[in-house]
Amino acid sequence: MYDEILEKLSHSKFRSSFKLKEKDKLYIDKKGLETIKSHAKDFISKRLAPAFIKNDGKQTPTKGHPVFVAQHATATCCRKCLNKWHHFPQGTELTTSQQDYIVDLILEWLKRQL
């Protein structure tokens, strides 16, 4: 289901530069994918889902958690990138199904990195 978008993203020099480091892989192994999915849901609901985000474009660090790395790799790091790559309009709250899509895409990218 995510093959097409991940293929497109792989052609972006910036997006394809993100890879999980060994410590990220160890963290995922220690916590388990269900916990990582829970973290992703929390990050997305708080940092991406609101219609207006005060620090949009700067709300997602590039490191510090595997989900953050995945967000940059999958262009789910800010509303501008979500609009450009996934055609989710800015200025409207993300729906539950949009949030689920983002989380599932992040998890798919993470699984492929492992």
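Couple of notes before you dig in:
- Ranked by how many other Cβ atoms sit within 10 Å of their own Cβ, fewest first, the residues Thr76, Thr60, Thr95 fall in the order Thr95, Thr60, Thr76.
- Residue-averaged [θ]222 nm for the chain, counting only DSSP H segments that reach four residues, each worth -39500 (n - 2.57): -18000 deg cm²/dmol
- Extending 7 Å from the Cα toward the beta-carbon at both Ser17 and Thr96 defines two label points whose distance is 3.9 nm.
- Taking the Cα centre of the chain as origin and assigning +1 to Lys and Arg Cβ atoms and -1 to Asp and Glu Cβ atoms, the resulting dipole is close to 560 debye.
- The residue among Asn83, Pro61, His72 whose Cα reaches farthest toward the positive pole of the charge dipole of the range 1-91, with charges on the beta-carbon of Lys, Arg, Asp and Glu, is Pro61.
- Each of Leu20, Leu114, Val103 was scored by the projection of its Cα onto the charge dipole of the chain, and the greatest displacement toward the positive side belongs to Leu20; charges sit on the C-beta of Lys, Arg, Asp and Glu.
- Computed over the chain, the P(r) curve from all C-alpha pair distances, binned at 5 Å from the origin, holds 2, 12, 25, 26, 20, 11, 3, 0 percent per bin.
- Principal-axis tilt of helix 33-47 within the chain, Cα atoms, nearest 10 degrees: 30 degrees
- Normalised by the number of residues in the chain, the mean separation of alpha-carbon contacts (under 8 Å, six or more apart) gives a relative contact order of 33 percent.
Rule-based calculations on the coordinates, nothing more; no lab input. As the structure is a prediction and not an experimental result, all values here were calculated from the model. Using ideal geometry, Cβ is built from the backbone for each residue, glycine included, and neighbour counts are taken over all protein chains shown.
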